[in-house]
Amino acid sequence: MNRSVLRWAAPLLLALTACPAPKKDSAQRTAAPNPAPADFRRPGYAQYRGQLAGSPDSVALHLTITPPHPGSEATGGISGYYYGADGEPHELQQASGKHLDPDSLVLTYDDRAVLDGNGNEQETRWRLHRQPDGRLVGTVGGQAVQLRPVRPALALAVRSFADSIAAFPGKAHSPYGQIGLQTLVPLGASPVALA
């Protein structure tokens, strides 16, 4: 009798212990704050979603605002990317000398697939202006576009690192090699990190 009870009780006990207990962590239930409009003068990361003219699906635009060198609060550069209808990433760069206001930006994309009459890559300009509700409204290649801010699953901050080394240490007028790196790091606890 003992063995027959164990034969049906053991699988039942194993099944019950395999069921996860509901977590009572209040941090999991708190929602991340709504996305704050990006200030294009301060380092940071922001996501926007919208539909480009002629694109069958919406795109997510990822923007990174980096300082020119570590510790600087001035605008260093704005870059971004999105995946196009072709499934390929398309990189955007801030147009040189085109930083107008803290709520405006001009980005360029050099399309390798589209060449002008001289065989050069065709440049597509993104001219965007942030609205009071956080949306970016403007044009992409002359076509109207609206991008709404998206709350990322994980809040990210930009961190910059730089270093240099003399090619010939101890010699006057030695050339220097320099390296810089920007990275995105998670900020605080998030529901994704707690899962």
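The values are calculated or read from the model by the stated rules, or taken from the named source; none is laboratory data. These figures come from a predicted structure and were not determined experimentally. Cβ: placed from backbone, ideal geometry, glycine included. Neighbour counts: every protein chain shown.
When you look at LEU154, is it surrounded by 11 or more Cβ atoms within 10 Å (Cβ to Cβ), out of contact with any Lys or Arg (no Cβ under 9 Å at 6 or more places or on another chain) and of a type outside the set (Asp, Glu), yes or no?
Details: surrounded by 11 or more Cβ atoms within 10 Å (Cβ to Cβ): yes; out of contact with any Lys or Arg (no Cβ under 9 Å at 6 or more places or on another chain): yes; of a type outside the set (Asp, Glu): yes.
When the stated conditions are applied, LEU154 passes them.
What are the pairs, 6+ residues apart or on separate chains, where a residue within segment 145-160 that is of a type in the set (Ser, Thr, Tyr) has its Cβ under 8 Å from a residue that is crowded, with 17+ Cβ neighbours inside 10 Å and in a strand (DSSP E or B)?
SER160/THR66; SER160/GLN182
Which of (1) closer than 21 Å to ASP86 by Cα; (2) modelled with pLDDT under 90 does GLN146 not meet, given it meets every other one?
(2)
Can you tell me which residue in segment 142-187 is nearest to PHE40 (Cα to Cα), limited to those that are aromatic (Phe, Trp, Tyr) and part of a strand (DSSP E or B)?
The selected residue is PHE161.
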